[in-house]
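Participant: Here it is: the structure, laid out below.
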Amino acid sequence: MPFVPVARVEDIAVGHATYVEHHGIAVAVFNAGGGRFHALGATCPHEDGPLAEGWLEADAAVCPWHGFDFELATGRCRVADDLAISVFATRVVHGMVEVDVP
């Protein structure tokens, strides 16, 4: 899978995300600070909440609708064991955040 540039580093505030879509795949790209970025599926599987409008708490992304939170490393939901979201590799190249999406 190719890495795709999705945003400039400074365009995503620390603790927040931006929504991107590539070939029909929706992704929420979070800035965890210190040059660390995480890309997760953009829709909360609980009730289709917009995860990119959420925020970070420690090592989890929080859905703004009902507070379901998902581990950045694994996509596992901490509130409901039967829920999870996709996780995509990220990297920063020349000030651009890139995501490895199919």
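Participant: State whether one or more residues within the stretch 83-101 are buried (at least 20 other Cβ atoms within 10 Å of the Cβ), hydrophobic (A, V, I, L, M, F, W, C), within 11 Å of the chain's Cα centre (by Cα) and under 19 Å from A13 (Cβ atoms).
Facilitator: yes
Participant: Among the residues of the stretch 40-57, is any at positive phi and small (G, A, S)? If you could, list the steps in order and put the result at the bottom.
Facilitator: Start the filter on the stretch 40-57 by keeping residues that are at positive phi, which leaves 48.
Now narrow it down to the ones that are small (G, A, S): none.
No, the stretch 40-57 contains no residue that is at positive phi and small (G, A, S).
Participant: Also, quick follow-up: (1) in contact with a helix residue (DSSP H, G or I) (Cβ under 6 Å, 6 or more places away or on another chain); (2) closer than 15 Å to P5 by Cα: which one isn't true of N31, the others all being true?
Facilitator: (1)
Participant: Also: Please list, ordered by first then second residue, the pairs with beta carbon atoms under 7 Å, 6 or more apart or interchain, first in the stretch 17-29 and farther than 10 Å from S86 by Cβ, second acidic (D, E).
Facilitator: Close Cβ pairs satisfying both conditions: T18/D11.
Participant: Same structure again: Restricting attention to the stretch 12-33, report how many residues are surrounded by 13 or more Cβ atoms within 10 Å (Cβ to Cβ) and under 16 Å from V92 (Cβ atoms).
Facilitator: Residues that pass the stated criteria total 9.
Participant: When you scan the stretch 32-81 for strands (runs of 3 or more DSSP E) that lie fully inside it, which ones turn up with 2 or more residues that are of a type outside the set (A, V, I, L, M) and free of Cβ contacts under 8 Å to residues at least 60 places away in the same chain? Give the steps one after another, and end with the answer.
Facilitator: Values: elements: 36-41, 55-57, 60-62, 69-71.
Where strands (runs of 3 or more DSSP E) fall fully within the stretch 32-81 and carry at least 2 residues being of a type outside the set (A, V, I, L, M) and free of Cβ contacts under 8 Å to residues at least 60 places away in the same chain, they are 36-41, 55-57, 69-71.
Read-outs: derived from the displayed coordinates by stated rules, not from any lab. Please read all numbers here as calculations on a predicted model, not as lab measurements. Neighbour counts run over all protein chains shown; Cβ positions are idealised from the backbone, glycine included.
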